[in-house]
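In what follows, a single structure is set out as structure tokens and then discussed.
The values are calculated or read from the model by the stated rules, or taken from the named source; none is laboratory data. Model, not experiment: these values are computed from the prediction. Every residue, glycine as well, gets a Cβ built from its backbone with ideal geometry; the counts of neighbours run over all protein chains shown. Heavy atoms of the whole protein, side chains included, go into the accessibility calculation; ligands, DNA and RNA do not. Shrake-Rupley method; radii C 1.70, N 1.55, O 1.52, S 1.80 Å.
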Amino acid sequence: MDSDSFDAFYNASFNRLVGQIYAMCGNLAEAQDCVQEAFVRAWDKRRILDTEQSPEAWVRTVAYRLAVSRWRKARRALLPPDRAKQPEQSPPEPDVTRVALARALAQLPADQRRAIVLHHLCDLSLAEIAQEVGSPVGTIKARLSRGRAALASHLQDDSQHDGPASEVRHDKP
């Protein structure tokens, strides 16, 4: 398409396309901006736009996508800010139960600890854990069973000591 035929195409279809995009997005100024931007992009591609393959449909599609993109950006602007972009807040102090659990987990062998965390804290099935760690399901079952027994023993040892002082003992460096 040469520049004269592009000008003719623009003059013949601009208002019609604005009306169509306006009907789709409901904002006349936005429709005009999007159609204008679509024509700017079409101008850059005028040499490859084929008049027999409906360049108007190409411009309409681009204009509609621009309108949708702008609508999404405007909608995102109304949402509360992303928590990741907010200033860091200090984490809350862990409660006694979490400290005891973390201490007991730290005393387990790594394979048992990993199986327990993946199963009970990450809610993975036995098959998912087996696939993730590269071990048979039976091995995972055994690690969970042994790990639970050891964990119960460690937690029971902590609870047999008197009060909160047992929570801050420093037996191991």
Under Karplus coefficients 6.51, -1.76 and 1.60, residue-wise ³J(HN,Hα) of the range 15-29 in Hz, glycine/proline x
4, 5, 5, 4, x, 5, 5, 4, 5, 7, 9, x, 9, 5, 4
Heavy atoms of Ser3: accessible area, 1.4 Å probe, square angstrom to 10
50
For the range 1-145, dividing by residue count, accessible area per residue (probe 1.4 Å) in Å² works out to 70
Tell me the net charge near Ala38. Cut-off is 15 Å between Cβ atoms, Ala38 excluded, with +1 for each Lys or Arg and -1 for each Asp or Glu.
+2
